[in-house]
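Would you mind keeping the following structure in view while I ask a few things?
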Amino acid sequence: MDGEIRLTTYEVSLHETTNMRCVSFYDDDRKTILTVPVGMYAASTFFKCHFKQSGRTEPVHRMFARMTESLGGTLRALVIDGLRKGTFYATIYFTDHEDSECSIRLFAGDALAIAFNAPCEVYVRESVLDAAQNDRENRVQWYSSDNEDAMKTVRAYSAGKLGALPGNELEQLLEIATETEDFEFAARIKKAMTV
């Protein structure tokens, strides 16, 4: 697919310092290239799929599977193709019973729950990957000076541990450290950014 990167290695987890549920995608060197926050319902769907558990409510992936089955269709691919104010969006491509291409647009967390259960190929547009890393207005805001628990945890990190965080998260932390005049923390962040 043109202008898109295939995502193959992923992990569903809690964000290390903020405890937000997320899906992290990695490159071949196990470096995080994209982290997508997901809602609690989508996260429970991931774990139910992974551990092959069933629940009382019908998860989104089963509803979608029933819909495509009733259309006689097949899931083809998922493309994470949008990012707006920290929310990722994705398009799922599938075929109907006549082998005609169809698509549906969803929040990326819900779409990923469907794709991981199917399974199908997952891609991200290069422009979305770039925006997630560099566009201050639209990137995910992992940290907030109001989240005292997360800030207390991350302030205790050494420069080495801070250096393991993605660059866009370090930029957010540096902005908060500067705004709150926590100069010692800002210095550790700057040191981590140069390593």
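The values are calculated or read from the model by the stated rules, or taken from the named source; none is laboratory data. It should be emphasised that the depicted structure is a prediction, and the values quoted were computed from it without experimental measurement. Methodologically, a virtual Cβ is constructed for each residue, glycine included, from the backbone with ideal geometry; neighbour enumeration extends over all protein chains shown. What goes into the accessible areas is simple: the full protein's heavy atoms, side chains included, and nothing from ligands, DNA or RNA. Shrake-Rupley method; radii C 1.70, N 1.55, O 1.52, S 1.80 Å.
Which pairs have Cβ atoms under 7 Å, sit 6 or more apart or on different chains, and link a residue in the range 16-39 that is modelled with pLDDT under 85 to one that is open to solvent by 30 Å² or more (accessible area, probe 1.4 Å) and among the charged types (D, E, K, R)?
33/27; 38/21
On to the next question. On the basis of being modelled with pLDDT of 90 or more, of a type in the set (A, V, I, L, M) and either open to solvent by 60 Å² or more (accessible area, probe 1.4 Å) or on the phi < 0 side of the Ramachandran plot (or both), does residue 128 make the cut?
Considered against the rule, which asks whether it is modelled with pLDDT of 90 or more, of a type in the set (A, V, I, L, M) and either open to solvent by 60 Å² or more (accessible area, probe 1.4 Å) or on the phi < 0 side of the Ramachandran plot (or both), residue 128 comes out as yes.
Quick check on the range 144-159: of everything there that is of a type in the set (Ser, Thr, Tyr) and surrounded by fewer than 19 Cβ atoms within 10 Å (Cβ to Cβ), which residue is nearest to residue 84 (Cα to Cα)?
Selected residue: 144.
Moving on. Look through the range 93-109, keep the residues that are outside any strand (DSSP E or B) and among the charged types (D, E, K, R), and return whichever of them is modelled with the lowest pLDDT.
Checking each candidate, the answer is 96.
Moving on to the next point. Considering only helices (runs of 4 or more DSSP H) fully contained in the range 111-195, which possess at least 3 residues that are within 20 Å of the chain's Cα centre (by Cα)?
126-134, 167-179
Turning to a different aspect of this structure: Please tell me if residue 81 is among the acidic types (Asp, Glu), at pLDDT 80 or above and either in a helix (DSSP H, G or I) or surrounded by fewer than 17 Cβ atoms within 10 Å (Cβ to Cβ) (or both).
For residue 81, the condition - among the acidic types (Asp, Glu), at pLDDT 80 or above and either in a helix (DSSP H, G or I) or surrounded by fewer than 17 Cβ atoms within 10 Å (Cβ to Cβ) (or both) - is not met.
Conditions: (1) surrounded by 18 or more Cβ atoms within 10 Å (Cβ to Cβ); (2) without any contact (Cβ under 8 Å) to a residue 40 or more places away in the chain; (3) not hydrophobic (A, V, I, L, M, F, W, C). Residue 133 meets all but one. Number of the miss?
Condition (1) is where residue 133 drops out.
Related question: Being open to solvent by 20 Å² or more (accessible area, probe 1.4 Å) and of a type in the set (A, V, I, L, M, F, W, C) narrows it down to one of 162, 106, 170, so name that one.
The match here is 106.
Which of the residues belonging to the range 88-130 are without any contact (Cβ under 8 Å) to a residue 40 or more places away in the chain and under 21 Å from residue 9 (Cα atoms)?
Matches in the range 88-130: 89, 90, 91, 92, 93, 111, 119, 130.
Can residue 99 be described as farther than 16 Å from residue 35 by Cβ and exposed (fewer than 14 other Cβ atoms within 10 Å of the Cβ)?
yes
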